[in-house]
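Everything below concerns the one structure shown next.
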Amino acid sequence: MDKIKFERVTKKFLVRDEYKKGAQREFTAIKDIEFSVKEGEFITLVGPSGCGKSTLLDLLTGLTQPTKGRILIDGREITGPGLDRGIVFQQYALFPWKTARGNIEFGLEAKGIPKSERKEKAEYYLDLVGLKNFADRYPHELSGGMKQRVAIARSLAFNPDVLLMDEPFAALDAQTRETLQTELLRIWKKTGKTIIFITHGIDEAVYLGERVVVLSANPGTVKKIVDIPLKDRLEDADIKSNPAFINARREVWNLLHEPEFQGAHI
Amino acid sequence: MVTINKPATKLNEPSKPQKSSSPSLTAFVKAFKNSIVLIVFILLWELAPQLGFVEKTFLPPFSEVVQAWWELLVTGELWRHFEASILRSLFGFLLALALAIPLGLIIGWYPLARDLLTPILELFRNTAALALLPVFILILGIGEVSKISIVLFACTWPVLLNTISAVKNVDPLLIKSARSMNISSFKLFYKVILPASVPTIFTGIRMAGTGAILVLIAAEMIGAKAGLGYFITYSQYNFLIPEMYAGIITISLLGLLINYGLSSAERYFSRWKQ
Ligand SMILES: Nc1ncnc2c1ncn2[C@@H]1O[C@H](COP(=O)(O)OP(=O)(O)OP(=O)(O)O)[C@@H](O)[C@H]1O
Ligand SMILES: [Mg+2]
């Protein structure tokens, strides 16, 4: 059963016309996107900057509506935001006036979970991301990686079926990124959530995704969906020298470096 | 473990306790640094008239002023004026907050209202409240109403404009993040917009606090039967010079008190900021 299904999704924006002063014209950010995500699948999205990855994610959150086509979750069309989806934004988006715990409880409160349970749940998810001892810190007292972990814990805590992540590890150093990648895989294995993960990194896309959706730009369309036949990502310490990984990596790299992409930069 | 560790740390940093010296000494040094200029100022004030550098009748020595201040305090005279001033300014100030904060939140939230109203609000803000004092007296008379009104007027603009810009400048990502959790508009306002705006609103509140005293004292100097502003002009007309300075000192103290109170409140409400 498909958890999420994109049906010929097109999104156009109104932008200022460069040639006619004061006039507006349509700009097609993504065009006829069509693919599905299976229940419990970990799917990654890669594509050149500006190809519409964040636009796609915004549509999934239900905060914006497609110009054409529709997106289904569990067979129902998305019409607005909902707590069946948890979002991790690229820039953390933590509430600076709330502590790590307070931020996690915010989502729980939104879900209508009684106060007595909130604390316990927040504690559990803080522990899950390894921040048990930082519960009462404000965001400005946390490092970038810690903030990102709080953001992940926050979106996990209200127990959404689907986790949407927009380049969540982009701003982190290599070491922290690797740690969080394995942590995310662990959490995914443990909770069986459906995850849609946007990234710039080819390695990251291949390492995390069971399938990698490669997008092309101007307008954003699905170029190819690459299957990644890796089984034991967490057990194999040296997975990045595994031939399957290397082949998949090369394929995605080639797709991203084909002439049409280079044309897009002119 | 513990017994081994302790002497080791003591051996490792013998210079540190010496350098930072005893806590009571550092506290003393700090207090000295903070107050030395103040002490010199008071000494100058005391000595300059005593030694005849300035005319004693126009600037009595500090000790005489303190004595006058004490007498005014004991007789209850000072308190009467202090009370009148603080009640008026507090009343006008709180009224301004009650009016300007909700209004600012609403105007800030609706871009159309914001764009339409900001120019005229800026105009009002930049119209010196004191310039309008004759108008207030003309319309509202010289009673309490006109004085509270002018404080209200002076306090409203900074709070209102700061609240509007605070709401306008809330990080859109935070709004997006909260919206994605499907919370109601009311909750969004109450749980996100409001707390995110607090530090900027408080900057406006502090400006209003300073403005409140300034405007009130001036208003009291022009037409009143009580209040510190009135007391100062009254003393001046009756050549009670030490009393006049006592009144001025009291205003300084009042200003400090208000500033301190608002600063602590600001620190409390913005404690999540770095
Ligand atoms: N609100 C908007 N109004 C007008 N154009 C927009 C809007 N949002 C996005 N776009 C345009 O749509 C295109 C896709 O933007 P999007 O943010 O989805 O790219 P992206 O793939 O996430 O890029 P990046 O990898 O740099 O984050 C861009 O050309 C952008 O200029
Ligand atoms: Mg993006």
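Once the Kirkwood radius over Cα pairs is known for region B:117-220, the Stokes-Einstein relation at 4 °C and 1.567 mPa s delivers a diffusion coefficient of 84 µm²/s.
Which residue fluctuates most in the GNM of chain A (Cα springs below 10 Å): A:77, A:117, A:235? Sorting by GNM fluctuation, first place goes to A:235. Accessible-area rank, largest first, for B:114, A:76: A:76, B:114, with all protein chains present and a 1.4 angstrom probe. Principal semi-axes of the equivalent ellipsoid, √(5λ) from the alpha carbon gyration tensor of region B:41-168, are 42, 18, 15 Å from largest down. Candidate cross-link partners of residue A:31 among the aspartates and glutamates, defined by an alpha-carbon separation under 14 Å and a same-chain spacing of 8 or more, comprise A:7. Placing a pseudo-label 7 Å from each Cα along the Cα-to-Cβ vector at residue B:29 and residue A:237 gives an inter-label distance of 5.2 nm. Legend: calculated FRET efficiency, residue B:225 to residue B:260, from the Cβ-Cβ distance at R0 = 25 Å, rounded to 0.05, equals 0.25. Largest GNM mean-square fluctuation across B:184, B:263, B:149, computed for chain B with C-alpha springs under 10 Å, falls on B:184. Dimensions of region A:159-266 based on its C-alpha atoms, expressed as ranges along the principal axes with the largest first, amount to 43, 33, 26 Å. In the elastic network of chain B, a GNM with C-alpha springs shorter than 10 Å, the most mobile of B:167, B:37, B:54 is B:37.
Legend: residue pairs A:38/A:121; A:3/A:53; A:5/B:191; A:53/A:223; B:191/B:273, Cα-Cα distance threshold 22 Å; pairs beyond threshold, A:38/A:121; A:5/B:191.
When A:241, B:177, B:35 are compared by accessible area of protein heavy atoms, the largest-first order is A:241, B:35, B:177, using a 1.4 Å probe. Using the rule -39500 (n - 2.57) for each DSSP H run of four or more residues, divided by the residues of chain A, the 222 nm mean residue ellipticity is -11000 deg cm²/dmol.
A 1.4 Å probe, protein heavy atoms only, puts the accessible area of residue B:179 near 100 Å². What's the whole-number percent of alpha carbon pairs in region A:95-159 lying beyond 14 angstrom? Distances greater than 14 Å cover 45 percent of the Cα pairs. Based on C-alpha pairs under 8 angstrom that are at least 6 apart in sequence, region A:96-246 has a relative contact order of 17 percent. Semi-axes of the equivalent ellipsoid for region A:31-175, computed as √(5λ) from the eigenvalues of its C-alpha gyration tensor and ordered from largest down, come to 28, 19, 13 Å. Converting phi to 3J(HN,Hα) with the Karplus coefficients 6.51, -1.76 and 1.60 and the offset θ = phi - 60°, region A:27-37 yields 10, 8, 7, 9, 9, 6, 6, 8, 6, 10, 10 Hz in sequence order, with x at every glycine or proline.
Taking only the alpha-carbon positions of region B:72-273 and ignoring solvent, what does the Debye formula give for the base-10 log of I(q)/I(0) at q = 0.08, 0.12, 0.17 Å⁻¹? Listed by q, the Debye log ratios stand at -0.34, -0.67, -1.09. The long axis of helix A:115-128 is offset from the longest Cα principal axis of chain A by roughly 70 degrees.
Of the trypsin sites (Lys or Arg not before Pro) found in region A:202-251, the ones in coil according to DSSP and having at most 15 other Cβ atoms within 10 Å of their Cβ are A:231. Cross-link pairs exceeding 30 Å in C-alpha to C-alpha distance, out of A:115/B:176; B:147/B:187; A:115/A:193, comprise B:147/B:187. Ranked from largest, the principal axis spans of the Cα set of the protein assembly as shown equal 97, 75, 51 Å. Centre-to-centre separation between the Cα atoms of region B:215-274 and those of region A:94-125: 45 Å. Extension gain, residue B:214-residue B:248: 0.36 nm per intervening residue step, less the Cα-Cα distance, totals 11.0 nm. On a C-alpha basis, how far is the centre of region B:21-45 from the centre of region A:1-80 in Å? Whole number, if you could? Result: 66 Å between the Cα centres. Residue A:148 sits among other residues whose Cβ lies under 12 Å from its own Cβ, and their net charge, with Lys and Arg +1 and Asp and Glu -1, is 0.
The values are calculated or read from the model by the stated rules, or taken from the named source; none is laboratory data. Note that the coordinates shown come from a computational prediction; the quantities given were computed from them, not determined experimentally. Ideal geometry is used to build each Cβ from the backbone, glycine not excepted, and the neighbour counts take in all protein chains shown. Quick note on the areas: whole protein, heavy atoms, side chains included, nothing else; ligands and nucleic acids left out. Shrake-Rupley method; radii C 1.70, N 1.55, O 1.52, S 1.80 Å.
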